[in-house]
Every structure is written in structure tokens, then in C-alpha cells.
Amino acid sequence: MIKLTKPLMRALILALLLPLTAMAQESGEGTWRLNLKDADIRAFVTQVADITGYSFVVDPRVKGKVTVLSSAPMNKDEIYDLFLAVLQVHGFTAIPGEEVIKVIQQVDAKQNAEDLTRFEQTPSEQLVTRVIAVNNANALELVPILRPLVAKYGHLAGVAAANALIVSDHENNIRRIENIVRDLDSPAEYEVEVIQLEEAWVGDMVTLLQELAPDELGRAGGGGESPSRKFSVTADERSNRLILRGDKNFRDKMRNLIHQLDQPSASGGTTKVVRLNHGDAKNLTEILEGVMGEVVREAEGEGSGSGGTSRRNSTGFSVFADEGLNALVLRGEPSMMQEAEMIISQLDVRRAQVMIEAAIVEISDQLGSDLGVQFAVGDEGGSSTPVIGSNFNNVGRSIGDVLTAILSDSVITPAVGGITIGAGQRDRDGITWGVLLQALSTSAAANLLSTPSIITLDNQESEIIVGQNVPFRTGQQATAGDGLSNPFTTIERRDIGLTLKVTPSISDDGLVRLVVEQTTEDVAESVDNAADIVTNKREIKTTVLADDGETIVLGGLINDNLRINKSKVPLLGDIPILGKLFSSESETREKRNLLVFLRPTIMLDKAKSAEVTDEKYQGLWDINLGVREKLGLPDEKDPPPIESVFKGKQGMVDEEVEPLDEAS
């Protein structure tokens, strides 16, 4: 018995195959003739590897006998193409990779990626995967048409988003499918058509058409868009027109459907009540009447003929305000109603608030000094009394007051603000004399601080007044026209004090524009020869810009007045040193400084408003603690809730003041 080794078995197999195979090479031309009959497919792969120089990896399931008859010489590429055709006939295929070519079953080919870089031209029998773009037709509609043309082991699918086909098949068959798709993907007669609606609203019309024609417009009960996007209906809300895009059949169908739907409303218009959340119904009515009135007038102008006469467009609009409910009643055609609702939605928003805090600081200082000497000598027995004297009215008492006191044996009251020395005598002969020496000095200082604050809406004027209501005399009559006594006096009351009037405007970047009018007025001291009350008034009117929380100075007044009043006897008053006895001098200096500061705080939401309120309440509680300390009451670290202010109590301190009074 002969034992067969592996080399011996290979030699035996080749010896058996050689009678059945024939391969001849044409020298010098690089061509081969390949003829096989019932050869093992693995031996066939080996021969192709020797000819092409490619490396192959063969699936263990690749088995069978092949027969190849070739009469004409073939080059290396043609041999490889023949090799792919033989594999296809037997249910196998070759998938090229970066290094080797895998020989596998056709059913597993579409799960493997191919690398065709090794080929200058893709072999016609090579199994490949390709994406075919569809420009005009619907890719999903082409799938059932092309599927029978694809091999059973191949793959065909449509991509709706990209409107393309994915095909996995042999190169030559994919070329055939591309030619078929190119023939089917011819552009149709697509055109754009504009239809003007007379009665219906374009927004509602588009919704109806999408429900009635889901196949063309890609809507099925509110579904997505059409995959091919070749048909479309677009609403031009500005002019209430529909824009159709598609072929003639689609446009004819849509046009007939639109004509049937574009009918007058059964109610002759649309009425709607809009409840406002933040806006004012009366103000919004004026805005809408102005804006929508312009739209109606423009529509009327478009319909005017060449003869100069205009016809009213069917589009009308009216708005009414219900101030009790703060609501708007709108009536008009759908296009006008939608535009009005859009305007209302943009205007009916929560308005920001601004807290304006002002600080008015006024510092005044007044100094005065008076010095004067007066004398008089008179003879009661003579023809005239007095015969000589000096009398000045710019300092304290006059010399006449001294003589009157001497004659009446009364005591003269000294002037206020300094020292007054007076002397005089009346002798038996009727000679009366008197001397008055006065040295007066006055000073006054005041430091006034007012800090009013007010909260107002954005672009809303606000005003705060703190002061008195003072009566002013406007007329008086002591005797009636008939001579009978019928006196009367007419008065007018006017607010005197601090007035702050502000209009804030908030910009998008948080800047506040303030139109400010600030007035400080008080009643002055009595003025000589004044017929009625005299007031001092300081007023600022300006427009400024300030950031949120920024403190700015609006302006101020620095006033320095010096008044000197000197009276003297001619010649005698000019004598050095002794001239003081014949003169009187009064000097007054007054300084006044007034500054106005302003700080705006923007409150955009409820949280900011609550924060500002708590801050003010905490300041009030700090004042209350100071009062409690002065009254000897126990301290309370935590303030009561702010709601306690609205419980009808007289005050946070008054409740405990009463028991304190009873105990005392």
C-alpha cells in the first residue's frame, strides 16, 4: 500500500487537471487565452492570481467546478472581468480591499465595503454600491419601478430627505439603472402662479389645501412636507395671495379648488374680543385706528381708476374699546384681523417700572452787623423842635424813639441782636437832648435735606408734591360802589413746597432717559412794602441720561450776596475816628448752596419690585428702632411682616406708647 503525502497529493491533482485545462500566453503582448473544463474553482482563482498579481482570500464555502472557453486573447483587466463573470454565474463575487480581494458568496457581498482604488477603471462585473441623485422626480416613487431590475442579492432603497437612490449591484447593471433614472427624471413643466384671494384668508386657505390634497402637498392630517417638494402652496400674508408651484395639472386642480373655497363669509366679517393683560384699551384703540386706517386707505388708493374716482376695497376694519373690562372688540376681514392681533401682541406687554429717588440739599448761611450813633437836641420853648440832630433808619431804633420815650417818661425797648445804649434829659428850660448808640450782630444757618422718591411706569409721567397749601390774596374792596360798607377779600390757594415731576424712558441697553421738572418753593420772611406773601422758588427743568442705579447731579445754585448800607452826616461823618459818631453802617452777607441729585432704579419684574419694597421697609424699621430707643422700649431685632402696615394700626410704635403712658 502506497502512503500519500501532501506533496504527492498536489502533484497527483495537477496531473489529473492538466488534461482538462489549457492556458496559453501570447509572448510580448501580455495577453492570455484561458480554457477550462470542469476545473476546480479554487484552481481557477489560483490561475487568475498568477495572471493579475492580486492576492485573494477565498471563503471556505466557495466550492464547485467551472468551465471557461476563450478563443481570443485577453489582457490582465479582461481576464479579471472574466473571472468576476464566472464567479457571478456560480453565485460568488470578489470584493476588493486595500491589500487583498475576498472571494465570498453574493448574498454576503452588500455587507462588505469595497475599495476600488486599485483599478484604473471599475470592472463591469464588479459588485459596487452607489448613490444616484434624483433632481425632478420623486425618488420613493422610482423604487418600485427599478426594484425588478436589481439582482436578488443586490439592494435598492430611496432616501426621502435627499431625494436620492442607493443601489448595490454590478457596475454594468448600475450604469443601466442610472440611464433609466436619467430618462425618468426629466423636468416637468413646473411654473409659478400667483392667485389673489378676495374673501378668504391665505393662512386658512393653505391649511385647507393641505388637508384636501395630501398627496401633492405632502400633508396627511397635519403630516410632514412632501418628499419631492415639486408641488407647493405658499401664503403671502402681506397681500393675501397664494403662490402655487407645480405642473399644469397640479395648478389647474388647485385653482379650481381655491375658486370654490374663496367665497364671502356667511357672517359678513369676523368679530373677536381681545382681553388685554397690560395695555390700556383706549390708547390701543387710537393706535389701531391710526395704523389700520392707513392700511385701508392704501387699499382704497390701489383701486382708484384713471378718472380720479376711487372705489372702497372690500377689506375693512373697526375697533372698539371696552374700558370697563379693558378689552378690545375687533371686526374686519381675516387679513386685517391677523395684522391687528399681531400689533396687539407686541404692544400688550408688561411694562417696566422705574423708582426715581431725589435728594435736594440746601445749605444757607446769613451774617449781619450794624453799628450806629444818633443824637438830637431840641428846645420846647422855641419856635421849632428839635433844632439839631442825626437820625438813621438802617440800624435798630431811631433817635425819635428815644425822644418820644423821654417826653412820655417811658422805657425804650432795646433792639434785638446786640447792645443798645441810650441817654437823654429834659430840663426845666425845655431843653431836651438824647443820644443812642447801637451795636447789633445777627447770624442764621440752615441745612435742609429733602429725599422724595416715586415709582412710575416706563414712559409714564409721575408727580409728587410735599408742602403746604398757602392762601394768596387776589382781590380786595373795602367800600361798595354805593358808598355802603361792604368789604370783601378774594384769595387763591396754591401748593407751596417740594414738587418733583419725572417721565422716565428705558432703552434696550438699560439706560434711563429722564425728563425732570423739580421745583422747591417756600414762604419768605416779610419784605418791606410787600402787599402780600412773598415766596422763594428754585426750579430745574432738564432731560438727562443715567444708568440703572447711577446717581447723577442735575444742577445746583451757589448764591453769595453782600449788602452794605451806610448813612452819615456830610463832612462830619468823613472825619477819621470821630466820624463814627455821625454815621451808621449796616452789613449783611448771605450764602446759599442748592444741589439736586437723582438716582433711577429699573424694576423689570415682580422680584425686583419686591426687593425695592423690602429695602424701603427696612429703612422705615431702622427709624422705628431709633424712636423705640428714645422711648425706652425694648428692641426688636426682626421687623414684623410688611403686611402689618395694612392692618389698620396707628403705627409700629404707637401700640406700645399707650401702655407706657398709663404706667407713668
### Query
Among Asp40, Asp81, Asp59, which is under 19 Å from Asn172 (Cβ atoms), among the acidic types (Asp, Glu) and either out of contact with any Cys (no Cβ under 9 Å at 6 or more places or on another chain) or open to solvent by less than 30 Å² (accessible area, probe 1.4 Å) (or both)?
Asp81
### Message
Based on this model, can you work out whether Arg175 counts as at pLDDT 85 or above, open to solvent by 30 Å² or more (accessible area, probe 1.4 Å) and in contact with a strand residue (DSSP E or B) (Cβ under 6 Å, 6 or more places away or on another chain)?
### Response
no
### Message
Can you list residue pairs whose Cβ atoms sit under 8 Å apart, with the first residue in the stretch 243-261 being in contact (Cβ under 8 Å) with a residue 12 or more places away in the chain and closer than 11 Å to Val192 by Cα and the second being open to solvent by 40 Å² or more (accessible area, probe 1.4 Å) and aromatic (Phe, Trp, Tyr)? Count only pairs 6 or more apart in sequence or on different chains.
### Response
Arg245/Tyr190; Gly246/Tyr190; Asp247/Tyr190
### Query
open to solvent by less than 60 Å² (accessible area, probe 1.4 Å), modelled with pLDDT of 85 or more and in a helix (DSSP H, G or I): does that describe Leu142?
yes
### Among the residues listed as Leu557, Leu514, Leu572, the single one being hydrophobic (A, V, I, L, M, F, W, C) and at pLDDT 80 or above
Leu514
## Note on the structure
Those residues of the stretch 99-113 which are open to solvent by 50 Å² or more (accessible area, probe 1.4 Å), hydrophobic (A, V, I, L, M, F, W, C) and at pLDDT 85 or above amount to Val100
### Query
So which of Arg599, Arg592 is crowded, with 16+ Cβ neighbours inside 10 Å, at pLDDT 80 or above and either part of a strand (DSSP E or B) or of a type in the set (A, V, I, L, M) (or both)?
Arg599
### Task
Those residues that are on the phi < 0 side of the Ramachandran plot, crowded, with 16+ Cβ neighbours inside 10 Å and touching a Ser or Thr at 6+ places or on another chain (Cβ under 8 Å), I need them from the stretch 151-165; list them, please.
Gly154, Leu156
### Query
Just to be sure, is Leu116 touching a strand residue (DSSP E or B) at 6+ places or on another chain (Cβ under 9 Å) and open to solvent by less than 70 Å² (accessible area, probe 1.4 Å)?
yes
### Summary
If we take the stretch 491-586, then strands (runs of 3 or more DSSP E) inside it with 1 or more residues that are in contact with a Gly (Cβ under 8 Å, 6 or more places away or on another chain) and closer than 30 Å to Gly389 by Cβ are 552-568
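The values are calculated or read from the model by the stated rules, or taken from the named source; none is laboratory data. Since this is a predicted model, take the numbers as computed values, not measurements. Glycine also receives a Cβ, built like all others from the backbone with ideal geometry; neighbour counts cover every protein chain displayed. Ligands, DNA and RNA are excluded from the accessible area calculation, which covers all protein heavy atoms including side chains. Shrake-Rupley method; radii C 1.70, N 1.55, O 1.52, S 1.80 Å.
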